[in-house]
Each structure stands twice: as structure tokens, then as C-alpha cells.
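Engineer: This structure is in C-alpha cells; I'll ask about it shortly.
The values are calculated or read from the model by the stated rules, or taken from the named source; none is laboratory data. Computed from a predicted model, the values in this text were never measured in an experiment. Neighbour counts are summed over all protein chains in view; Cβ atoms, including those assigned to glycine, are modelled from backbone coordinates with ideal geometry.
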């Protein structure tokens, strides 16, 4: 009897191990990536929490540069992320940007070309978080500055006392300062230029320790502080619409992800539809408000994301 009991216990243990192995094998696992600034922290949490609510075990890889995020996607270390159409077209795909391309066109161009790279771009959020240059209104008024052409002429005057603060990545990107200087025909003297980590340019402008700073179109601080944003009168900056994209192989394995993420996108203005100026403006405001929960209300990104998902009936 004792031998039979031992055999039964052994069989139970083996069966348990087999069942556990099957459960692990059948588990839906996915890796989400995001960059290293507020909007990306939030969208990373939105995607992560929504996938977890739909039965996925999610590993979130955060605080990545644009280059690191793309490398992770290409290597297969990251399965899904949200990136910007302008960044994809010029940085990831290496195309020269031609001013005048609208939001719908650049999204479609990216989507079509990425198919050959094994990536599927889902519906865009139409928030056009484009780069911009900003200052306090009094600085613009004192120097007669309204447009980026005015700013270019101001920089070219020489011996002008001013300071410009940029994120380091912007100072080297083709769609950043190098391209901006070439397009508008000016050069910022090295002595007038400072660079820092993401968000440092906002802090510098807020503290009035610089005169001109790089900002993003959905930065909450623009509205809160009342900063003046220079008009891009020669249409240098391309559209930067935040768009989830995923490895085609992963989507083949988990096809339900497309509907799950597009349902999230549909909670934002124009989600699933073509962009229009009104939709883009509404999308920027929606993301300014969402970013403000972190930057102004001091919520953690995961808290802001959870609140948004609950407000919109996704959790």
C-alpha cells in the first residue's frame, strides 16, 4: 500500500508539472516599449494596462531614446510601442522630409513602407506632437518676433545676447536643429546654445533661465504658463502623430491586439478616421490635458493612464 501511495503521489506531482508547463506555454506574453518623456510614459502605461486587462502578461521596457526603441523593435526585444509618424518617416526610415506633407499622407506613407519591415501600424491618435520653439511673450514682443523666420533673422544678427535650450536629441536629429537651421537659413552660435535631457528645456524656460526653448505641441506647460510658440511659417516641422505599431509576427500570433489597441485610439478625437485641422487641434488639446495630469497635477503615469482608461470605459 505504501508503495502504491508513493506512486500515486509521484503521478500527481508529474501531472501537476505537466499542467503547469502547459499553462506557462499557453500564457500570452508581450513586451511593450516607451520613450523617456511624459507622453510616452503615459501611452506605454495605457497600452500595458489595457493588454493586461485582456489577459496578457506584459513586460514594460521604459525610458528609451528614439534610437533604442527602434532598435528594440527591430531586434524583436520589444513587440509593440507607440511612436510618431514624423520620427518614423525621417529617422527610422531615413527619408528627407518635404515640407507640406499632411498628417494623413505621412501616416499612410509610413504604414505602407513599414509592411516590408515586418511592422503593422495601427490607427493614429492625431495629436501632432510636433517640435516647436517657444519663449515668454515679453521676449517675443521686445524683439519683434512672431515667426521662425523672425527668429532666424534674430539669430543671424550676431552679438545678440540670448540663450536657446534644446533637448540633446533635438540638437542632432535631421528633423531637429540641423534641419531647422538649414531650412530657415540661420545658425545658433555655440555660445548661445545649451542642451539637456528630455524636459530640461521646459524647466529652463519655466525658471526663466533661458530665453528660447524647444517644446512639443502637446506640452501642458504651454497653456499653463502662457508661452508664445513661434509660427512655423515655412512649414519645416512634419506631422508627429502618436501611433501604436506592432511586429507583424506578434500580431499574427495575437490578432486580437489590433482591435484592443484601436479601441483605445478611438477614445481620442478622430480615432479611426482621417485627420482634419479640427481633429488634430482637438487631439493636441486631449493630450495636453492627459499630460497635465502628470506634469501639473503630479500624478504618476500609471495612475493617469488608469484614470483615463476607467473614464472611457475600457477598464
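Engineer: What are the pairs, 6+ residues apart or on separate chains, where a residue within segment 177-197 that is in the same structural domain as residue 90 (by TED's automatic domain parsing) and surrounded by 17 or more Cβ atoms within 10 Å (Cβ to Cβ) has its Cβ under 8 Å from a residue that is modelled with pLDDT of 95 or more and assigned to a helix (DSSP H, G or I)?
Structural biologist: So the pair list comes out empty.
Engineer: Right, something else. Within segment 145-165, identify whether any single residue is in contact (Cβ under 8 Å) with a residue 60 or more places away in the chain and within 19 Å of the chain's Cα centre (by Cα), and answer yes or no.
Structural biologist: Our first condition is that a residue be in contact (Cβ under 8 Å) with a residue 60 or more places away in the chain; within segment 145-165, this holds for 145-151.
Filter once more, keeping what is within 19 Å of the chain's Cα centre (by Cα): none.
Looking through segment 145-165, none of the residues is in contact (Cβ under 8 Å) with a residue 60 or more places away in the chain and within 19 Å of the chain's Cα centre (by Cα).
Engineer: Follow-up question, since we're still on this one. So in segment 89-104, with the set limited to residues that are free of Cβ contacts under 8 Å to residues at least 40 places away in the same chain and surrounded by 15 or more Cβ atoms within 10 Å (Cβ to Cβ), which one is nearest to the chain's Cα centre (by Cα)?
Structural biologist: 92
Engineer: Which condition number does residue 280 fail, the rest of (1) within 15 Å of the chain's Cα centre (by Cα); (2) more than 22 Å from residue 51 (Cα to Cα) being met?
Structural biologist: (1) is the only condition that residue 280 fails.
Engineer: Follow-up question, since we're still on this one. Please go through segment 149-174 and pick out each residue that is at pLDDT 95 or above, closer than 16 Å to residue 215 by Cα and crowded, with 17+ Cβ neighbours inside 10 Å.
Structural biologist: 151, 164, 165, 166
Engineer: If you don't mind, there's one more thing I want to ask. When segment 214-241 is examined, which residues are found to be in a loop (DSSP other than H, G, I, E, B) and over 24 Å from residue 94 (Cβ atoms)?
Structural biologist: Of segment 214-241, the ones in a loop (DSSP other than H, G, I, E, B) are 217-219, 226-227, 230, 232-241.
Matches in segment 214-241: 218, 219, 226, 227, 230, 233.
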